[in-house]
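Down below is the structure, laid out as structure tokens.
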Amino acid sequence: FTTVVFAFVVPLVTEAAGNIMSPPSSSIPVAGVWKRLLEEDPLGDLETADRSTLVLWTQSQQSGLYVDLRLPENSPGRSIEAAAIVKPRPSALAANGIPVPATKEVLAPHVEILARQKSFAGVIDLQTGDTSDGSALKEDAVLRQYVQSVQDMDPSQRQQDGLIALCTCLWNRHMDYQPPTGGLDVGVCASQPARQLDGSLLLRETGDDASYAEDWLCQPPTEQGPFLALELVSEKNVEGARCGYWVRAGDQFAYAVGHPKTVAMANLLQCHPDAARIKECTGKSLHDAIQSLSSDPLVQLDLLTSYVCVTGAVSSNGSWTIQHSTNPELVGCTLFDSSIGNGMTATNVCSHLQAAQSNGKDTSDLVEQIVKGNGESTVKRIWRVKEMTDCTLPLSNAQ
């Protein structure tokens, strides 16, 4: 099918508190943070529908960048209570394995559930209407009902209420915690014809082949912004070592960096070399993939933690607190805290941001993240700002 790719080039204006980006005229109707209520797989099977997995989809407004995190019910990174089995380790954000033997021993019995976690990120392509072969609308009566009800509404009222008419979404997965599926992630979507009393909105997503359906609830008021989206450019001064995406919507955020792309990059990033081979296991589950690479659960943990995804909340004082993670060592840590200088000596603060420089001058669209490494080391990541609306970058106040 054909798709529309969202790609915008937007001027940045440098201010004392950071860079502010003016919003483009176009926007993505599914922007915000969405929490999944259930998954019918197969479509129509409500009896065994998955209602227990924690699924958060964080979607930018203009650039199309998104991050998706899915943690099963017993995942140790699902909550601060579940993560209490391990000691917080902010350097786990470096995503290069677990250097603490005691932590490995604690997590080794949890390898199977850690391998069932899911996360992926990239850029969404969205087109108005159903651009699939029509199977979703034909087979899913709930989707048909939503579509008809929204289409029957007055267009001005529909726009005022922020409802989502029939559309087709392709989630381009530029990075994936699991091995590649070998197929495309395409859903036909429409919202309910009215918002909930708390302002939330229910969205129905049905696979283009009618194999599954998911119900999503937008977490108000994240759809109103502010919005921030960045793409990883380099790590340790090497471009393309791995993919990374970071999205803020409202007071919620998601941040993810992927497995190293090659064995050489894995060695550079101090990851286990086989972490780069996960992507070669197309069609396999992650559990089967890591079993094929090593039978040692301690090595398997290093493979799993070569990818990291975290989600959390931004406080009014500038602290970005991690609430959920593929690696439980990060739950309860702080991604950034712009109120405490460079933050590298603060307890459980993972990193700080500073303006990136080129030829001795600050660059308007790049930002440098200094991540705590093992011991006294640090890891430098350079991010490119793809979107910034009604907010500033959380640069340390030393800037």
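The values are calculated or read from the model by the stated rules, or taken from the named source; none is laboratory data. Everything quoted here is computed from the prediction, not taken from an experiment. Methodologically, a virtual Cβ is constructed for each residue, glycine included, from the backbone with ideal geometry; neighbour enumeration extends over all protein chains shown. Calculation scope for accessible area: heavy atoms of the full protein, side chains included, ligands and nucleic acids excluded. Shrake-Rupley method; radii C 1.70, N 1.55, O 1.52, S 1.80 Å.
Over the chain, all Cα pairs binned in 10 Å intervals from 0 give whole-percent P(r) values of 5, 23, 33, 25, 12, 2, 0, listed from short to long. Scaling the Cα radius of gyration of region 249-399 by the globular reference 2.2 N^0.38 Å produces a ratio of 1.15. Each of Thr48, Ile85, Tyr66 was placed along the dipole of region 28-90 (beta-carbon charges, centred on the mean Cα), and the one lying farthest toward the positive end is Ile85.
Compute the separation of the alpha-carbon centres of region 228-304 and region 150-222 and state it in Å as a whole number. The distance from the Cα centre of region 228-304 to that of region 150-222 comes to 28 Å.
Magnitude of the charge dipole for region 79-223, about its Cα centre and with charges confined to Cβ atoms of Lys, Arg (+1) and Asp, Glu (-1), is about 660 debye.
Per residue, the average separation of C-alpha pairs within less than 8 Å and at least 6 apart gives the chain a relative contact order of 21 percent. Summing charges over all other residues whose Cβ lies under 14 Å from the Cβ of Glu329, with Lys and Arg as +1 and Asp and Glu as -1, gives +3.
Tell me the net charge near Arg144. Cut-off is 13 Å between Cβ atoms, Arg144 excluded, with +1 for each Lys or Arg and -1 for each Asp or Glu.
Working: positive: Lys138, Arg204; negative: Asp130, Glu139, Asp140, Asp152.
Taking every Cβ under 13 Å from that of Arg144, the sum is -2.
Taking 7 Å steps out from each Cα toward its Cβ at Gln291 and Glu112 produces label points 1.0 nm apart.
Give, rounded to the nearest 20 debye, the magnitude of the charge dipole that region 30-157 has about its Cα centre when Lys and Arg contribute +1 at Cβ and Asp and Glu contribute -1 at Cβ. All intermediate terms of the calculation are to be shown ahead of the outcome.
Working: 12 positive and 18 negative charges, 181 e Å.
The dipole magnitude comes to about 880 debye.
Simple point charges give the picture: +1 on the Cβ of Lys and Arg, -1 on the Cβ of Asp and Glu, and for the chain a dipole about the Cα centre of about 1180 debye. Using a Förster distance of 35 Å, how high is the FRET efficiency between Val299 and Asn74, based on the Cβ-Cβ distance and rounded to 0.05? In this case the efficiency is close to 0.95. The aspartates and glutamates within cross-link reach of Lys386, meaning a Cα-to-Cα straight distance under 16 Å and a gap of 8 or more places when in the same chain, are Asp125, Glu231, Asp365, Glu368.
Ligands, DNA and RNA excluded, the heavy atoms of Tyr212 present near 40 Å² of accessible surface to a 1.4 Å solvent probe. Most tightly packed first, judged by the mean number of other beta-carbon atoms within 10 Å of their residues, the peptides 50-57, 80-87, 226-233 read 226-233, 50-57, 80-87. As a fraction of the 1.4 Å probe accessible area of region 274-334, surface on carbon and sulfur atoms comes out at 47 percent.
Once the Cβ-Cβ distance of Arg195 and Asn374 is raised to the sixth power relative to R0 = 41 Å, the FRET efficiency obtained is 0.30. Other residues lying with their Cβ under 15 Å from the Cβ of Leu107 contribute a combined charge of 0, Lys and Arg counting +1, Asp and Glu -1.
Would you mind putting 115-124, 387-396 in packing order, based on average other-beta-carbon counts within 10 Å, highest first?
Working: 115-124: 22.6, 387-396: 20.6.
Answer by packing, highest mean first, reads 115-124, 387-396.
Distance distribution P(r), region 260-335, all Cα-Cα pairs, bin width 10 angstrom from 0: 19, 39, 28, 13, 2 percent. Fully extending the segment from Ser315 to Thr181 would add 44.6 nm, taking 0.36 nm per residue of separation and subtracting the current Cα-Cα distance. Calculated accessible area for the chain comes out at 41 Å² per residue, all protein chains present (probe 1.4 Å; ligands, DNA, RNA ignored). Among the GluC sites (Glu not before Pro) in region 271-377, those placed in a DSSP loop whose Cβ has at most 10 other Cβ atoms within 10 Å are Glu376.
Secondary-structure-derived ellipticity at 222 nm for the chain, considering helices only, amounts to -3500 deg cm²/dmol, per-run term -39500 (n - 2.57) for DSSP H runs with n ≥ 4.
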